[in-house]
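Trainee: One structure, pasted below without further comment.
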Amino acid sequence: MNIENITRSVVVLAVGLPLTLSISNLASVTASIAEKAGADPTSNVTNQIKADLAGPCTRYMLSKSDSKLEREAQNDIEEVVGGPVNHTATCKWVL
């Protein structure tokens, strides 16, 4: 074993590891800030509405016409939206 090689490796590790870790942390913090800055209130609201309608719309699109499941899904969709809607167009927008 060569002491010089071991010493060199330890020095490189001691200097390089903190530098590498700080650069990766900086990259993740920068990405997080950019993600938060890019989110606008409109997309937050529409994403929440889409999330709330995903289940009822899935049930509506998969149900048979004029079935109890279809009517219940329609009621759930109208409850989330706040009134009567075009169910097919709404669910196409959501899904």
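The values are calculated or read from the model by the stated rules, or taken from the named source; none is laboratory data. All figures in this text were calculated on a predicted structure; none of them were measured in a lab. With ideal geometry, Cβ positions are generated from the backbone for all residues, glycine too; neighbour counts draw on all protein chains shown.
Trainee: Going by what's in this entry, would Val85 be described as outside any helix (DSSP H, G or I) and not polar (S, T, N, Q)?
Mentor: yes
Trainee: Now for a separate question. Of the residues that make up the stretch 23-44, is at least one touching a Cys at 6+ places or on another chain (Cβ under 7 Å) and in a helix (DSSP H, G or I)?
Mentor: Here is the first cut: in the stretch 23-44, the residues touching a Cys at 6+ places or on another chain (Cβ under 7 Å) are none.
No: the stretch 23-44 contains no residue that is touching a Cys at 6+ places or on another chain (Cβ under 7 Å) and in a helix (DSSP H, G or I).
Table: residues versus (1) of a type in the set (Asp, Glu); (2) within 18 Å of Trp93 (Cβ to Cβ); (3) not assigned by TED's automatic domain parsing to the domain that holds Thr88.
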site: Ala31; (1), (2), (3): no, no, yes
site: Ala34; (1), (2), (3): no, no, yes
site: Thr46; (1), (2), (3): no, yes, no
site: Ser65; (1), (2), (3): no, no, no
site: Arg71; (1), (2), (3): no, no, no
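Trainee: Considering only residues that are without any contact (Cβ under 8 Å) to a residue 12 or more places away in the chain and either assigned to a helix (DSSP H, G or I) or within 16 Å of Trp93 (Cα to Cα) (or both), which ones fall in the stretch 73-82?
Mentor: Pass one, the stretch 73-82, residues without any contact (Cβ under 8 Å) to a residue 12 or more places away in the chain: 75, 78-79, 82.
Result: Asn75, Glu78, Glu79.
Trainee: Among the listed residues Arg8, Arg59, identify the single one that is closer than 30 Å to Val94 by Cα and not β-branched (Val, Ile, Thr).
Mentor: Working: Arg8 fails: closer than 30 Å to Val94 by Cα.
Just a single option satisfies the conditions, and that option is Arg59.
Trainee: All but one of (1) part of a helix (DSSP H, G or I); (2) at pLDDT below 85 hold for Pro56; state the number of the condition that does not hold.
Mentor: Unmet condition: (2).
Trainee: If you take the residues of the stretch 40-70 that are hydroxyl-bearing (Ser, Thr, Tyr) and in contact (Cβ under 8 Å) with a residue 12 or more places away in the chain, which of them is surrounded by the most Cβ atoms within 10 Å (Cβ to Cβ)? Outline the logic, then answer.
Mentor: To start, the set of residues in the stretch 40-70 that are hydroxyl-bearing (Ser, Thr, Tyr) comprises 42-43, 46, 58, 60, 63, 65, 67.
Narrowing further to those that are in contact (Cβ under 8 Å) with a residue 12 or more places away in the chain: 58, 60.
Working: Thr58: 14, Tyr60: 23.
The selected residue is Tyr60.
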